[in-house]
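S.K.: My questions all concern the structure below.
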């Protein structure tokens, strides 16, 4: 437990830092506390410490928020939170200021006939939305409604419950523009959507397209650093030399979109040379011989011209893997190179799992682990009644049968808005209209909706398209449901309410969905408070809300992971599937073989592949309006496009020079960073910029949105956005 | 009396800016008030490239040009060797910003006064922070703060072991040491 936990939810007198009175009678709400001190006429300068979870990215690291006289002052990272481990990243410090942003949404908004928004009351918003939802349900059925959400502790519960109460199965995450292809591909091979590489204890770990030092989770950075200090061989396969280079031994600057060829060729070497774990494969796999035959010709020499990596390097890497096994793996990645990027992303994910199986590394120290988790048990059905069972499958599951049902492909749902199959869409904590391929075309789909409702804290591009915008309070002003985090030792952790609600007409998500449900005639499923639900959930694992509020994060040491167990493969065959019937049925090969990306840049025609990727101070588009973070972007020109130095020389472009990037979809000016850190077939455009919402005064107009250059298309079978299936040309501005 | 200094190991720096945003947050600075700035260097040619991130901040020079040029005595060195700016005395003439060889001073856009790294460990033990915000926040423990006069302090030992030196040698007798 954090040493700060001693002071959590207690009150420190003045600024002297000496512990004073403990909160009498357990928890006291911050509002109540303020009133109490007002009555007692306590001196100013009182400090309260509240545990929360950062909202700057999906890792949701824990920290203690210090509040002095109602204002957020310091953030002290939670030592007990498994992702934080006593640190939060640069985004976390900066993003805390969202609470005080002058661009916050403060009232429900309704689009007027002229396209502008007017502030309306909650009653009016809820009445009108409720009526429209009921009309859609009556006329087209609940299947005509869909929800898109980026999972947050409360949001993932309340959005699903709201939609299911209405009878709709159509609850989508942002996965199609994130990790849908990866998780779905993994599931075809190993029966689960994720695993964890034991980087720190490995002898060799290969990262494909993922950079722990740029898309930061503090615990991952620490693990990578320790791996490096322990002498592990860390290989970065990436068209761009990321900042993880500080703790890596080798950069393999692959041609983007060809990671699958590299994995297949390394597997070919292991099989051809007999270097794979034959006993492990015999005991755990089906379809191995079929795959071995299918990739028999896919040698390093075959892969070299495709990947741009010398055959000898591929051969060496494969051999090094064999020598390091089982304390070795290819790291699972996240969005990176194959979360949603290419036509072959799902197949790349599948091949990755098969390669790791050849190493026999599953659940081995230093290998690839399926760590433990804890989940909520059964709740009182009287108080928390189950929503009706829904017979219909989530829309898109027939067309994209390999897409995980827990994520779905919201791209297809949006496409169905165009055809009229989907009539009403809700968006919670999701900026789909900016973060997915071809925002202009996507906007034209969403324009056909009868009802579009966006719930957010600021005026995102998606909110700009909505009929109704409902203002949520910031993450610091709300308590959410307990967050269960799996890992070597699973924990449960809490986002508690740090600040009083700043704008009185904003509400937390639990109340927004309860009110929406009421307005739509399904309020009976929301007859409880978030505190009651949180407490009930925690009691199923032997804890209480009071205990979690006091501690911030609580571990389940009795559920700790241990090495060595043979995984239970949750595939249809109960084995690692080197061949998949489901893939074949979806129109893909039974075994993963080489599949070329949809487009390849033709250098002779002056084409480059446009790739995106995170920078350490931003998360997608949601942090770009934070002044302290955007100030860094502007000071260091982080919005610049990266181009390879020799390419720049050939085209006469200087560092900092202005170019125009263009393709058939879009053209826009951008300054360049001339660098040796990039594969010459690619141009890198950071994924955070090009905000087109004028109501985000800090973010608006800085840089380009990489998605404007990407056509709207969907990865066959898997349903991903194929966000890097595009090429652009470049010319000096003014030429 | 302790003689405070800092060590920054650029071999561990991933250029993530956490030190800068933590410094701003924990010290309640303005969004455009930066006490830490960064230089990035690439060496080599594709694909054999190395990258170095160098964070810079007030070096608390013993021979401090900012204090020498300050016409009001606002920029001064305290008994503990920490270079400070008395905000009330600063007239915003910006001489110190011109004089600082490391360009690590920042003008407060609201008050017009100049400010810079305060080695905040020394002043802000309370409310959770035990160490300079940047040291606390650094994800890779690339920073060490401590007493340069104590040969047994972590920083003194690290300076010897890692052959750390100030960025510009003896130029200003800086108290921030670098491992590069």
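The values are calculated or read from the model by the stated rules, or taken from the named source; none is laboratory data. Bear in mind the structure is a predicted one, so any value in this text is a computation, not a measurement. FYI the Cβ positions are ideal-geometry reconstructions off the backbone, even for glycines, and counts take in every protein chain you see.
S.K.: Can you list the helices (runs of 4 or more DSSP H) lying wholly within the range A:473-551 that have 1 or more residues being within 15 Å of residue A:156 (Cβ to Cβ)?
M.R.: On the way: elements: A:509-519, A:530-539, A:545-551.
Correct list: A:509-519, A:530-539.
S.K.: Given the criteria outside any helix (DSSP H, G or I), surrounded by fewer than 24 Cβ atoms within 10 Å (Cβ to Cβ) and either at pLDDT 95 or above or within 14 Å of chain B (Cβ to nearest Cβ) (or both), does residue A:205 qualify? Let's see the steps before the verdict.
M.R.: On the way: outside any helix (DSSP H, G or I): yes; surrounded by fewer than 24 Cβ atoms within 10 Å (Cβ to Cβ): no; either at pLDDT 95 or above or within 14 Å of chain B (Cβ to nearest Cβ) (or both): yes.
Against the criterion (outside any helix (DSSP H, G or I), surrounded by fewer than 24 Cβ atoms within 10 Å (Cβ to Cβ) and either at pLDDT 95 or above or within 14 Å of chain B (Cβ to nearest Cβ) (or both)), residue A:205 does not qualify.
S.K.: Out of all the residues in the range A:679-687, is one or more over 21 Å from residue A:604 (Cα atoms), touching a helix residue (DSSP H, G or I) at 6+ places or on another chain (Cβ under 7 Å) and in a loop (DSSP other than H, G, I, E, B)?
M.R.: So the first thing to find is which residues in the range A:679-687 are over 21 Å from residue A:604 (Cα atoms), and the list is A:685-687.
Filter again for touching a helix residue (DSSP H, G or I) at 6+ places or on another chain (Cβ under 7 Å), leaving A:685, A:687.
After this cut, where a residue has to be in a loop (DSSP other than H, G, I, E, B) as well, the list is A:685, A:687.
Yes, because at least one residue in the range A:679-687 is over 21 Å from residue A:604 (Cα atoms), touching a helix residue (DSSP H, G or I) at 6+ places or on another chain (Cβ under 7 Å) and in a loop (DSSP other than H, G, I, E, B).
S.K.: Six or more apart or on different chains, Cβ atoms under 6 Å: show the pairs whose first residue is in the range A:312-333 and without any contact (Cβ under 8 Å) to a residue 40 or more places away in the chain and whose second is in a strand (DSSP E or B).
M.R.: Qualifying pairs under 6 Å: none.
S.K.: Select from the range A:208-227 the residues that are within 14 Å of chain B (Cβ to nearest Cβ) and touching a strand residue (DSSP E or B) at 6+ places or on another chain (Cβ under 8 Å) and list them in ascending order.
M.R.: Scanning the range A:208-227 gives A:211, A:218, A:224, A:227.
S.K.: Another question about this same structure. Could you please give the count of residues in the range A:166-198 that are surrounded by fewer than 22 Cβ atoms within 10 Å (Cβ to Cβ) and more than 24 Å from residue A:354 (Cα to Cα)?
M.R.: Residues of the range A:166-198 that are surrounded by fewer than 22 Cβ atoms within 10 Å (Cβ to Cβ), as a first pass: A:167, A:169, A:191-194, A:196.
Going one step further and asking which of them are more than 24 Å from residue A:354 (Cα to Cα), we end up with A:167, A:169.
So the count comes out to 2.
S.K.: Please go through the range A:66-82 and give me each residue that is crowded, with 24+ Cβ neighbours inside 10 Å and more than 9 Å from chain B (Cβ to nearest Cβ), ordered by number.
M.R.: The answer is A:78, A:81.
S.K.: For residues that are in contact with a strand residue (DSSP E or B) (Cβ under 6 Å, 6 or more places away or on another chain), within 22 Å of residue A:280 (Cβ to Cβ) and not in a strand (DSSP E or B), tally how many sit in the range A:364-409.
M.R.: 2
S.K.: OK, next. Strands (runs of 3 or more DSSP E) wholly in the range B:1-67 with at least 1 residues that are away from chain A (no Cβ under 13 Å), over 26 Å from residue A:211 (Cα atoms) and in contact (Cβ under 8 Å) with a residue 12 or more places away in the chain - which ones?
M.R.: Details: elements: B:4-9, B:37-45, B:48-56.
Passing ranges, in order: B:4-9.
S.K.: Which of the residues that make up the range A:691-707 are within 20 Å of the chain's Cα centre (by Cα) and not in a strand (DSSP E or B)? Step through it out loud before you land on a result.
M.R.: Looking only at the range A:691-707, we keep the residues that are within 20 Å of the chain's Cα centre (by Cα), and these are A:691, A:705-707.
Listed by number, the residues that qualify are A:705, A:706, A:707.
S.K.: Conditions first: (1) crowded, with 24+ Cβ neighbours inside 10 Å; (2) out of contact with any helix residue (DSSP H, G or I) (no Cβ under 9 Å at 6 or more places or on another chain). Residue A:156 passes all but one, so which condition is the exception?
M.R.: Residue A:156 satisfies every listed condition except (1).
S.K.: Just the residues that are within 16 Å of residue A:164 (Cα to Cα) and touching a residue at least 60 places away in the same chain (Cβ under 8 Å), please, taken from the range A:371-388.
M.R.: The answer is A:384, A:385, A:387, A:388.
S.K.: Regarding residue A:672, is this residue without any contact (Cβ under 8 Å) to a residue 40 or more places away in the chain, away from chain B (no Cβ under 14 Å) and assigned to a strand (DSSP E or B)? I'd like the intermediate steps shown before the answer.
M.R.: Details: without any contact (Cβ under 8 Å) to a residue 40 or more places away in the chain: yes; away from chain B (no Cβ under 14 Å): yes; assigned to a strand (DSSP E or B): yes.
Taking the combined requirement at face value, the residue satisfies it.
S.K.: Also, I was wondering about something else. Consider residue B:82 carefully, then state whether it is crowded, with 20+ Cβ neighbours inside 10 Å, away from every other protein chain (no Cβ under 14 Å) and on the phi < 0 side of the Ramachandran plot. Before you say what the answer is, go through the steps one by one.
M.R.: Numbers: crowded, with 20+ Cβ neighbours inside 10 Å: yes; away from every other protein chain (no Cβ under 14 Å): yes; on the phi < 0 side of the Ramachandran plot: yes.
Yes; evaluated as a whole, the condition is true for this residue.
S.K.: Sticking with this one: Any residue at all in the range A:250-263 that's more than 11 Å from every other protein chain (Cβ to nearest Cβ), farther than 17 Å from residue A:331 by Cα and out of contact with any strand residue (DSSP E or B) (no Cβ under 7 Å at 6 or more places or on another chain)?
M.R.: Yes - at least one qualifying residue is present in the range A:250-263.
S.K.: Then there is this: I need a count of the residues in the range B:1-24 that are modelled with pLDDT under 95 and within 16 Å of residue B:108 (Cβ to Cβ). Quick ask: steps written out before the conclusion?
M.R.: In the first step, residues of the range B:1-24 are kept if they are modelled with pLDDT under 95; the result is B:1-4.
Okay, now just the ones that are also within 16 Å of residue B:108 (Cβ to Cβ), so none.
Here the count works out to 0.
S.K.: Another question about this same structure. Among the numbered conditions (1) closer than 30 Å to residue A:278 by Cβ; (2) surrounded by fewer than 22 Cβ atoms within 10 Å (Cβ to Cβ), tell me where residue A:587 comes up short.
M.R.: Checking residue A:587 against (1) closer than 30 Å to residue A:278 by Cβ; (2) surrounded by fewer than 22 Cβ atoms within 10 Å (Cβ to Cβ), the one that fails is (1).
S.K.: Checking the condition out of contact with any strand residue (DSSP E or B) (no Cβ under 9 Å at 6 or more places or on another chain) and either over 15 Å from residue B:174 (Cα atoms) or away from chain A (no Cβ under 14 Å) (or both), which residue from B:144, B:91 passes? Reasoning before the result, please.
M.R.: Details: B:144 fails: out of contact with any strand residue (DSSP E or B) (no Cβ under 9 Å at 6 or more places or on another chain).
Being out of contact with any strand residue (DSSP E or B) (no Cβ under 9 Å at 6 or more places or on another chain) and either over 15 Å from residue B:174 (Cα atoms) or away from chain A (no Cβ under 14 Å) (or both) holds for just one of B:144, B:91, which is B:91.
S.K.: Pairs only if they're at least six apart or on different chains, beta carbon under 7 angstrom, first in the range A:73-96 and on the phi > 0 side of the Ramachandran plot, second at pLDDT 95 or above and part of a loop (DSSP other than H, G, I, E, B); list them, first residue then second.
M.R.: If the second residue must be at pLDDT 95 or above and part of a loop (DSSP other than H, G, I, E, B), the pairs left are A:85/A:79; A:86/A:79.
S.K.: When you scan the range A:708-731, do you find a residue that is under 27 Å from residue A:116 (Cα atoms) and within 14 Å of another protein chain (Cβ to nearest Cβ), even just one?
M.R.: no
S.K.: Does residue B:129 qualify as being at pLDDT below 95, part of a helix (DSSP H, G or I) and surrounded by 14 or more Cβ atoms within 10 Å (Cβ to Cβ)? If you could, list the steps in order and put the result at the bottom.
M.R.: On the way: at pLDDT below 95: yes; part of a helix (DSSP H, G or I): no; surrounded by 14 or more Cβ atoms within 10 Å (Cβ to Cβ): yes.
No: the conditions fail for residue B:129.
S.K.: Out of A:613, A:574, A:564, which single residue is surrounded by 14 or more Cβ atoms within 10 Å (Cβ to Cβ), modelled with pLDDT of 95 or more and in a loop (DSSP other than H, G, I, E, B)? Give the derivation first.
M.R.: Working: A:574 fails: surrounded by 14 or more Cβ atoms within 10 Å (Cβ to Cβ); A:564 fails: surrounded by 14 or more Cβ atoms within 10 Å (Cβ to Cβ).
The match here is A:613.
S.K.: When the range A:621-639 is examined, which residues are found to be part of a loop (DSSP other than H, G, I, E, B) and free of Cβ contacts under 8 Å to residues at least 60 places away in the same chain?
M.R.: First, pick out the residues of the range A:621-639 that are part of a loop (DSSP other than H, G, I, E, B): A:621-626, A:637-639.
Hits for the range A:621-639 are A:637, A:638.
S.K.: Here's a follow-up. Would you be able to say whether some residue in the range A:253-263 is over 23 Å from residue A:89 (Cα atoms), free of Cβ contacts under 8 Å to residues at least 60 places away in the same chain and buried (at least 23 other Cβ atoms within 10 Å of the Cβ)?
M.R.: Among the residues of the range A:253-263, at least one is over 23 Å from residue A:89 (Cα atoms), free of Cβ contacts under 8 Å to residues at least 60 places away in the same chain and buried (at least 23 other Cβ atoms within 10 Å of the Cβ), which makes the answer yes.
S.K.: Got at least one residue in the range A:320-332 being in a strand (DSSP E or B) and closer than 30 Å to residue A:641 by Cβ? Let's see the steps before the verdict.
M.R.: So the first thing to find is which residues in the range A:320-332 are in a strand (DSSP E or B), and the list is A:328-330.
Now restrict to residues that are closer than 30 Å to residue A:641 by Cβ: A:330.
Yes, the range A:320-332 contains a residue that is in a strand (DSSP E or B) and closer than 30 Å to residue A:641 by Cβ.
S.K.: Only one of A:245, A:282 is out of contact with any strand residue (DSSP E or B) (no Cβ under 9 Å at 6 or more places or on another chain), surrounded by fewer than 24 Cβ atoms within 10 Å (Cβ to Cβ) and over 17 Å from residue A:315 (Cβ atoms); which?
M.R.: Working: A:245 fails: out of contact with any strand residue (DSSP E or B) (no Cβ under 9 Å at 6 or more places or on another chain).
Checking each option against the conditions leaves just A:282.
S.K.: Can I ask one more? What's the number of the condition residue A:462 fails, among (1) surrounded by fewer than 22 Cβ atoms within 10 Å (Cβ to Cβ); (2) touching a strand residue (DSSP E or B) at 6+ places or on another chain (Cβ under 6 Å)?
M.R.: Result: residue A:462 passes all but (1).
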